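> My questions will all concern the structure given below.
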Amino acid sequence: MNASSHSSCLVVLSGGQDSTTCLFWAKARYGKVHAVTFNYGQSHAVELESARRVAALCGVASHEVVDVGRILRSTSPLLDESASLAQYDDFESMDRAIGKRIESTFVPMRNAFFLTLAANIAVSLDCRTLVTGVDEEDNANYPDCRESFIRAQELTINEAMGMRDFRIETPLIHFSKADTVRLAQRLPGCMEAMAWTHTCYAGSFPPCGRCHACVLRRHGFDEAGVPDPLELRAAGKPFPHAR
Ligand SMILES: [Zn+2]
């Protein structure tokens with residue numbers, strides 16, 4: 001491996017709050033930051049435009065939107081337009097309703113698939129590090145957002161390529177959403193980019209405010225005591241701008 005491999009990374013960027021925070025986290029740590037976004041036929045495909053804008057605001061070395069088509073099969077409302085998207089009144093009632101069940105938006109094998117493709121792309125870019133915004137504390141109980149899965153996937157990638165030093169970084173894995181907001185505030189340019197992220201599973205702008213992703217995002221900003229730049233922009237109010 002040459003020296004540049006250590007100072008570059010590839011961020012898996014969905015265009016949402018968490019992956020955008022990871023992108024700016026990576027920018028503060030790595031000399032060269034690449035980003036990759038997957039178009040998998042998600043119903044909230046508007047997030048692809050967010051990913052493009054956020055990547056441009058961050059000034060990444062490269063950003064690729066990889067179109068994998070509708071290869072993933074799932075009953076998740078993110079892929080099955082006939083499935084209804086659960087709505088919640090607030091964080092507390094959502095937390096009670098979901099409990100320990102896996103939320104219906106889960107797409108089986110999605111993260112394993114994306115991380116496998118991302119590892120292939122990373123190596124072609126001379127990167128030995130992937131950064132992903134998975135978070136165990138997301139109240140959705142997605143198995144592929146847990147640290148145990150990430151470590152297993154990291155081992156699989158190393159075994160698959162005969163490597164020992166390929167790493168998957170997960171800066172948010174044990175963060176609450178409020179912790180993620182506080183981190184974003186400390187990262188130069190991140191709150192400006194946050195105004196252009198997309199989180200809503202319903203794919204709407206302004207955000208629907210009632211899907212799992214919207215409720216969780218709002219709870220995090222409320223708990224951190226910070227206005228959400230996306231909501232400010234949606235309401236036509238002044239929001240943080242990149243200079
Ligand atoms: Zn929503």
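The values are calculated or read from the model by the stated rules, or taken from the named source; none is laboratory data. Since the structure is predicted, the reported quantities are computational estimates derived from the model, not experimental observations. Because the Cβ atoms are built from the backbone with ideal geometry, glycine has one as well, and the counts that use them run over all protein chains shown. What goes into the accessible areas is simple: the full protein's heavy atoms, side chains included, and nothing from ligands, DNA or RNA. Shrake-Rupley method; radii C 1.70, N 1.55, O 1.52, S 1.80 Å.
This table checks each residue for (1) touching a residue at least 24 places away in the same chain (Cβ under 8 Å); (2) more than 30 Å from Leu216 (Cα to Cα).
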site: Val123; (1), (2): yes, yes
site: Asp126; (1), (2): yes, yes
site: Val134; (1), (2): yes, no
site: Glu137; (1), (2): yes, no
site: Pro143; (1), (2): yes, no
site: Ala152; (1), (2): no, no
site: Leu155; (1), (2): no, yes
site: Gly162; (1), (2): no, yes
site: Phe166; (1), (2): yes, yes
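> Got a sec? Which helices (runs of 4 or more DSSP H) wholly within region 45-133 have at least 3 residues that are buried (at least 19 other Cβ atoms within 10 Å of the Cβ)?
Helices (runs of 4 or more DSSP H) meeting the threshold: 46-58, 110-124.
> Right, next: Take Ala26 and tell me if it is of a type outside the set (Ser, Thr, Tyr), touching a residue at least 40 places away in the same chain (Cβ under 8 Å) and part of a loop (DSSP other than H, G, I, E, B). Can you show your working first?
On the way: of a type outside the set (Ser, Thr, Tyr): yes; touching a residue at least 40 places away in the same chain (Cβ under 8 Å): yes; part of a loop (DSSP other than H, G, I, E, B): no.
Criteria not met by Ala26.
> Which residue, of Leu183, Leu172, Leu216, Leu232, is within 16 Å of the ligand (Cβ to nearest atom) and either surrounded by fewer than 23 Cβ atoms within 10 Å (Cβ to Cβ) or under 16 Å from Gly16 (Cα atoms) (or both)? So that I can check it myself, show each step before the final result.
Details: Leu183 fails: within 16 Å of the ligand (Cβ to nearest atom); Leu172 fails: within 16 Å of the ligand (Cβ to nearest atom); Leu232 fails: within 16 Å of the ligand (Cβ to nearest atom).
Only one candidate passes the filter, namely Leu216.
> Further question: Checking Glu49 against (1) under 21 Å from Ala119 (Cβ atoms); (2) touching a Phe, Trp or Tyr at 6+ places or on another chain (Cβ under 9 Å); (3) not β-branched (Val, Ile, Thr), which single condition isn't satisfied?
Answer for Glu49: the failing condition is (1).
> Restricting attention to region 191-212, which residues are near the ligand (Cβ under 7 Å from one of its atoms) and either on the phi > 0 side of the Ramachandran plot or open to solvent by less than 10 Å² (accessible area, probe 1.4 Å) (or both)?
Result: Cys200, Gly209, Cys211.
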